[in-house]
1. Tell me which of these GLU164 doesn't satisfy, since it passes every other one: (1) at negative phi; (2) touching a helix residue (DSSP H, G or I) at 6+ places or on another chain (Cβ under 6 Å); (3) of a type outside the set (Val, Ile, Thr).
2. Taking only the range 314-350 into account, find how many residues are of a type in the set (Asp, Glu) and touching a residue at least 40 places away in the same chain (Cβ under 8 Å).
3. Condition check: part of a strand (DSSP E or B), crowded, with 19+ Cβ neighbours inside 10 Å and out of contact with any Pro (no Cβ under 7 Å at 6 or more places or on another chain). Does ILE90 satisfy that?
4. Only residues in the range 386-409 that are at positive phi count as the first member; pair them with residues that are surrounded by 14 or more Cβ atoms within 10 Å (Cβ to Cβ) and small (Gly, Ala, Ser), Cβ under 6 angstrom, at least 6 apart or cross-chain, and list the lot.
5. Restricting to the range 311-332, count the residues that are touching a strand residue (DSSP E or B) at 6+ places or on another chain (Cβ under 6 Å), outside any strand (DSSP E or B) and open to solvent by 10 Å² or more (accessible area, probe 1.4 Å).
6. Of these, ALA7, ALA63, ALA52, which one is surrounded by 15 or more Cβ atoms within 10 Å (Cβ to Cβ) and either modelled with pLDDT under 95 or of a type in the set (A, V, I, L, M) (or both)?
Amino acid sequence: MSDRMQAYIEQLGRQAKEAARQLATASTERKNAALTAAAASLRLHANDLIEANRKDVESVREAGKPDSFIDRLMLDEARIEGVAQAIEAIATLPDPVGRQLMSTERPNGLRIERVAVPLGVIGMIYESRPNVGADAGALCLKSGNAVILRGGSESLNSTRIIVECMKEGLREADLPENAIQMVDTTNRAAVQHLLQCTDYVDLVIPRGGKGLVSLVRDQAKVPTLLHLDGNCHTYVHQRADLTKAAAIVKNAKLRRTGICGATESLVVDRSVAGDFLPGLVDSMAGCEFRGDADAVAIDSRIKPASEEDWDTEYLDSCLSVKLVDGLEEAMNWVSDHSSAHTDAIVTEDPDAAAAFLTAIDSAVVMHNASTQFSDGGEFGMGAEIGIATGKMHARGPVGLEQLTSFKYLVHGDGQTRA
């Protein structure tokens, strides 16, 4: 079975590499036409997609998955329309391929340009959110990359419909349909072979829980772009507008609890905690608070936190609460426990905000805003293929520009080197 699976992945890789060569030189107009047609196909086949998604949801519900997991998986008419609109938004964005990044002329007359080019073949490994396949396919298409999608087994039925809609868009624009492919098997050996398919795959991007991302990090021979988890913090400074802070924290935690940009840890200056926490707990019905001893003493509805809570990405209606004595202690706490995804400060003090924004070494750092804005669509990227928390090549939301590399073009007139 392993040999057969390796052969299957290599076949996908060969097809993707050939498609990537053609896509790299495709015009912006044809790529945009493919995206527009793919969005139309999604709308046309919305009922088919909802039915396929219903089967996926029923399967995971029977398996006892939590509501937050099911929410990430579920598609309805509104969410499908949102996916279609995201694809159309990507079509309106500037084409990142061919951008001149630098130009210089050397004393010997050589003119050197640095221009943006596609990465090549992207392997996208993700879990329960089927819309990730559409976002990844659209972003890779616009940036001139072929993509091999390996969605989670729980979203297999949904992914098949989405990929076929994306392929229909490619066909209508006379672009190679193998530019968007899926690993159509639940066999876990497929992931290992994709991670080691160095002859054909240029980059692997995982999007899912810590277990998946750790697996990719540990087994990949192909270069990777990853983030481990989203233990995001919101810090309420002593000079915060507490009404504003309460609205921000509630949104950052509860708008959608199952996304990586949700706030998981609340840090509050001790001097305002007594005025802030009881009202916050009142306003966030259904959310479990787990705090340190001082937070528990302020409001008995806050349960005692364990050491593990400070480093946990709940992806659920649960929030840890830590009280601190001022900005310096808050920054140290966040730096020690953040997963370097997204962290925020709420304050009306511009100096405190500037210090926090400078000192916190996360991919995204915010002032007076919900951490749930940490999203490619909200950043004007149309969509994102993931959030990168490392420091190499790309960081934060990964959109079109981050899916390109560059090459140098050197123009001469007979120069030879001594």
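The values are calculated or read from the model by the stated rules, or taken from the named source; none is laboratory data. Bear in mind the structure is a predicted one, so any value in this text is a computation, not a measurement. No Cβ is skipped: glycine too gets one built from the backbone with ideal geometry, and neighbour counts run over all protein chains shown. Remember, those area values only see protein heavy atoms, side chains included, never the ligands or the DNA or RNA. Shrake-Rupley method; radii C 1.70, N 1.55, O 1.52, S 1.80 Å.
1. Status for GLU164: all satisfied but (2).
2. Counting residues in the range 314-350 that are of a type in the set (Asp, Glu) and touching a residue at least 40 places away in the same chain (Cβ under 8 Å) gives 5.
3. Details: part of a strand (DSSP E or B): no; crowded, with 19+ Cβ neighbours inside 10 Å: yes; out of contact with any Pro (no Cβ under 7 Å at 6 or more places or on another chain): yes.
Taking the combined requirement at face value, the residue does not satisfy it.
4. As it stands, the answer is GLY396/ALA363, since those pairs meet every condition given.
5. Of the residues in that region, 2 qualify.
6. Being surrounded by 15 or more Cβ atoms within 10 Å (Cβ to Cβ) and either modelled with pLDDT under 95 or of a type in the set (A, V, I, L, M) (or both) holds for just one of ALA7, ALA63, ALA52, which is ALA52.
This table checks each residue for (1) over 29 Å from ALA26 (Cβ atoms); (2) under 16 Å from the mean Cα position of the chain (by Cα).
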| position | (1), (2) |
| --- | --- |
| LYS55 | yes, no |
| PHE69 | yes, no |
| PRO107 | yes, no |
| ALA116 | no, no |
| TYR126 | no, yes |
| GLY133 | no, yes |
| LYS142 | no, no |
| ALA146 | no, no |
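One line per residue, one yes/no per condition, for (1) part of a loop (DSSP other than H, G, I, E, B); (2) open to solvent by 10 Å² or more (accessible area, probe 1.4 Å); (3) among the hydrophobic types (A, V, I, L, M, F, W, C); (4) at pLDDT below 90:
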{"residue": "THR185", "(1), (2), (3), (4)": "yes, yes, no, no"}
{"residue": "VAL191", "(1), (2), (3), (4)": "no, yes, yes, no"}
{"residue": "LEU194", "(1), (2), (3), (4)": "no, no, yes, no"}
{"residue": "THR198", "(1), (2), (3), (4)": "yes, yes, no, no"}
{"residue": "VAL204", "(1), (2), (3), (4)": "no, no, yes, no"}
{"residue": "SER214", "(1), (2), (3), (4)": "no, yes, no, yes"}
